[in-house]
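The values are calculated or read from the model by the stated rules, or taken from the named source; none is laboratory data. Bear in mind the structure is a predicted one, so any value in this text is a computation, not a measurement. All Cβ positions, even for glycine, are placed from backbone atoms using ideal geometry, and neighbour counts span all protein chains on display. The area values use the complete protein model at the heavy-atom level, side chains included, leaving out ligands, DNA and RNA. Shrake-Rupley method; radii C 1.70, N 1.55, O 1.52, S 1.80 Å.
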Amino acid sequence: AGWSSPFTALQLLFINLVNDSLPAIALGLEPSEENIMSHKPREANKPLFDKKSYGIIFLRGLLIAIVTIVAQHIGGEDSLMGMSMAFTTLIFARTLQTLPGRSEEKTAVSLGLLKNKYTLIAIVVCFTMYSIVLYPGVRAYFNIAPEFGSEQLGICLGLALVSTVLMELEKVFKGEK
């Protein structure tokens, strides 16, 4: 698109260390779904990821990419504000993706939002770690625009929520089991 890069190396490192590890650990502690034993086992010669899994991964990645690109556009494609908004939206969207990531078929609400306390703890810790990035003095290291404030934060959170809600609605439209 001819835009400037939306992320710095330090931002990508932060995303990989914070937003990949804690939610993944929390999802690993997710209780088994009630009907898991009624499913036929996967055949040994079948791949771990099937077409359905790849479709889910693609859709979620696409939704997060779209809201991140929209955030950068809103902030200004070639500006520090655009970079700040893209980084923040990606952090929020990836963190909130933990909720739909709990099940391929059931929504987070139908599973029970409080059923896996580790998921909620991971989300709170990720948001807390991100909030440290916004402290004066620290924000410069992460290339967060000095004028980045509550209005931009609200836009980024709203975009991230849109992607999360769409991930959950996809399950509803496919027919929650």
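Brief remarks follow.
- Qualifying residue in the stretch 84-102 (condition: at pLDDT 85 or above, in contact with a Pro (Cβ under 8 Å, 6 or more places away or on another chain), within 22 Å of V138 (Cα to Cα) and open to solvent by 40 Å² or more (accessible area, probe 1.4 Å)): yes
- Taking the stretch 21-38 as the range and being open to solvent by 80 Å² or more (accessible area, probe 1.4 Å), free of Cβ contacts under 8 Å to residues at least 60 places away in the same chain and either outside any helix (DSSP H, G or I) or among the polar types (S, T, N, Q) (or both) as the test, the residues that pass are S32, E34, S38.
- Of the residues making up the stretch 74-83, just one is under 19 Å from the mean Cα position of the chain (by Cα) and surrounded by 24 or more Cβ atoms within 10 Å (Cβ to Cβ), namely M83.
- Subset of the stretch 120-144 (residues that are open to solvent by 70 Å² or more (accessible area, probe 1.4 Å), without any contact (Cβ under 8 Å) to a residue 40 or more places away in the chain and under 17 Å from the mean Cα position of the chain (by Cα)): V124, T128
- Here A65, A86, A44 are screened, and the one residue that is of a type in the set (A, V, I, L, M, F, W, C) and outside any helix (DSSP H, G or I) is A44.
- Yes/no for F127 being within 24 Å of P6 (Cα to Cα) and part of a loop (DSSP other than H, G, I, E, B): no
- From the list E147, E151, the lone residue that is exposed (fewer than 14 other Cβ atoms within 10 Å of the Cβ), without any contact (Cβ under 8 Å) to a residue 60 or more places away in the chain, more than 23 Å from E170 (Cβ to Cβ) and of a type outside the set (K, R) is E151.
- Residues being of a type in the set (F, W, Y) and in a helix (DSSP H, G or I) - total across the stretch 139-177: 1
- Unmet criterion (only one of (1) under 21 Å from K52 (Cα atoms); (2) within 18 Å of the chain's Cα centre (by Cα); (3) part of a helix (DSSP H, G or I); (4) in contact (Cβ under 8 Å) with a residue 60 or more places away in the chain) for K106: (3)
- Scanning the stretch 154-175 for residues that are farther than 14 Å from A86 by Cβ and open to solvent by less than 40 Å² (accessible area, probe 1.4 Å) turns up G158, T164, M167, E168, K171, G175.
- Residue within the stretch 53-61 that is farther than 22 Å from L166 by Cβ and not charged (D, E, K, R) present: no
- Residue under evaluation V18, criteria (1) surrounded by 12 or more Cβ atoms within 10 Å (Cβ to Cβ); (2) without any contact (Cβ under 8 Å) to a residue 40 or more places away in the chain, criterion not met: (2)
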